[in-house]
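The values are calculated or read from the model by the stated rules, or taken from the named source; none is laboratory data. Remember, predicted model here, so these are calculated numbers, not experimental data. When we count neighbours, we look across all protein chains shown, and the Cβ atoms used for this are built from the backbone with ideal geometry, even at glycine.
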Amino acid sequence: MSTPPALPPSLRTWLFETVMPIWANVGVDRAPGGFVERLTRDRKPADDDYKRIRVQARQIYAFSHAHLLGAPAWALDTARAGFDWLVAHGWNAEGGGWHHLLTRAGDPLDRRQDTYDHAFILMALSWFHRASGDRAALDWMQRTIDHLDARMAEPAHGGYREEAGSGSGPLPRRQNPHMHLFEAFLAAHEATGDGFWLARARGIADLFLDRFLDRATGTLGEYFTADWLPAPGAEGSVREPGHHFEWVWLLHQYRRLSGDERVTDAADTLYRFALDKGRDEAPGMVPATLDEVDPEGRILKDTKRLWPQTEAVKAHLARLEVLGDREAGRRAEADIAMMFTHYIGADHAVWRDQLSRDGDEVSSHIPASSLYHLFLCMAEAMRILSR
């Protein structure tokens, strides 16, 4: 565990010459179109017979953002091909909304409309419009929010239902889809300058302050009843430190765009909990953010996905940028080094997606969905740390 990390000489070079070219080649499902779900450890497409709509959206985001950061022409070409495939196959022409699952060829496999999926569609469309100037993306953004409002909104208690359509049933409500809608609304506002989207973000901020934030413990709840009370039983005690860090970054972005000071203390509260209770600092263990703890910090799930580590870096960077917190800046650099020691490598484009507490690899594949987290984390590091 004391081996020094093999850091790349430049995060930009690593992203644009090592990571993204692999996902623009092996990660693209050439014959039917769209993006693959996962790679095997030897960097080949996994034998999956489905495509999640959220993965298609996340990859469109990543390549659009890469273009905006100066990646070669293949980045925007890949984003555009993904966008064309998405709108050709993903939309339910009969009832509206985006299908949950497609076959590899693009036929509907699960017609449910999932709020989490729709959040990433909005985010992808926002970034693709920002990268390409394509006005068709704006039209699809409007169709998507119109569908969410008409079919998924829950006016009695606020927010949106988990899902609608075939196969849907009673589910615990979650903060997670709303967090990503918050992210998508902020991205849409930055892409268009339209105050409509910022007003939508404020609605999610209100829900966060009123319902998601457990003020008694200074933590973020994950699961709730239909009227936004904490879910009964074990679900009501689940706390994901990675989501705490993710909200910290988002709340600072929202404050920057809106001037809404109400969220400042809440962001600090979540950061302190995740930092103090959500990380594994035990001797001999990977010094990383845990997957799940309870409100007292007792470990519920001692594995460590890659994505919470990227969200921790983003939270540290937000505090450095907004608050001038130099200690948070040092934590960001330390966590990037930790990721290059245990999860990613300077000489290759794949990652270990989940580790046991002491560092053994748990995952057997490399999910494409994690590229969204990794790319955004490194983009923020490049922007703020100028690595």
Out of (1) in contact with an Asp or Glu (Cβ under 8 Å, 6 or more places away or on another chain); (2) on the phi > 0 side of the Ramachandran plot, the odd one out for Gly324 is which? (1)
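Out of segment 58-82, which residues are hydrophobic (A, V, I, L, M, F, W, C) and within 16 Å of Leu374 (Cβ to Cβ)? Full working, then the answer.
Filtering segment 58-82 down to residues hydrophobic (A, V, I, L, M, F, W, C) leaves 60, 62-63, 66, 68-69, 71, 73-76, 79, 81.
If the condition is that a residue be hydrophobic (A, V, I, L, M, F, W, C) and within 16 Å of Leu374 (Cβ to Cβ), then Ile60, Ala62, Phe63, Ala66, Leu69, Ala71, Ala75 are the ones that fit.
Any residue at all in segment 205-224 that's at pLDDT 95 or above and within 23 Å of Ala136 (Cβ to Cβ)? If you could, list the steps in order and put the result at the bottom.
Just the residues of segment 205-224 that are at pLDDT 95 or above, to begin with: 205-224.
Cutting the leftovers down to within 23 Å of Ala136 (Cβ to Cβ) gives us none.
Checked against the condition, which is being at pLDDT 95 or above and within 23 Å of Ala136 (Cβ to Cβ), segment 205-224 yields no hits at all.
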Please determine whether any residue of segment 290-301 is basic (Lys, Arg), surrounded by 20 or more Cβ atoms within 10 Å (Cβ to Cβ), outside any helix (DSSP H, G or I) and free of Cβ contacts under 8 Å to residues at least 60 places away in the same chain. no
What number of residues in segment 20-71 are under 16 Å from His89 (Cβ atoms), touching a helix residue (DSSP H, G or I) at 6+ places or on another chain (Cβ under 8 Å) and either at pLDDT below 95 or assigned to a loop (DSSP other than H, G, I, E, B) (or both)? 3
Is it the case, given these coordinates, that Leu76 is at pLDDT 95 or above, part of a helix (DSSP H, G or I), under 16 Å from Asp117 (Cα atoms) and not hydroxyl-bearing (Ser, Thr, Tyr)? no
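Examine segment 269-292 for a residue that is of a type in the set (Asp, Glu) and within 18 Å of the chain's Cα centre (by Cα), and state whether such a residue exists. Working first, answer last.
Pass one, segment 269-292, residues of a type in the set (Asp, Glu): 276, 280-281, 291-292.
If we keep only those that are within 18 Å of the chain's Cα centre (by Cα) as well, we get 291-292.
Yes, the conditions are met somewhere in segment 269-292.
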Show the residue pairs meeting these rules: Cβ distance below 7 Å; 6+ apart or different chains; first residue within segment 16-35 and of a type in the set (A, V, I, L, M); second residue surrounded by fewer than 19 Cβ atoms within 10 Å (Cβ to Cβ) and at pLDDT 95 or above. Ala24/Trp74
Among the residues of segment 115-136, the number that are buried (at least 21 other Cβ atoms within 10 Å of the Cβ) and more than 21 Å from Ser369 (Cβ to Cβ) is 1
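For segment 339-356, what are the residues that are in a loop (DSSP other than H, G, I, E, B) and either among the basic types (Lys, Arg) or within 20 Å of Lys314 (Cβ to Cβ) (or both)?
Tyr343, Arg352, Asp353
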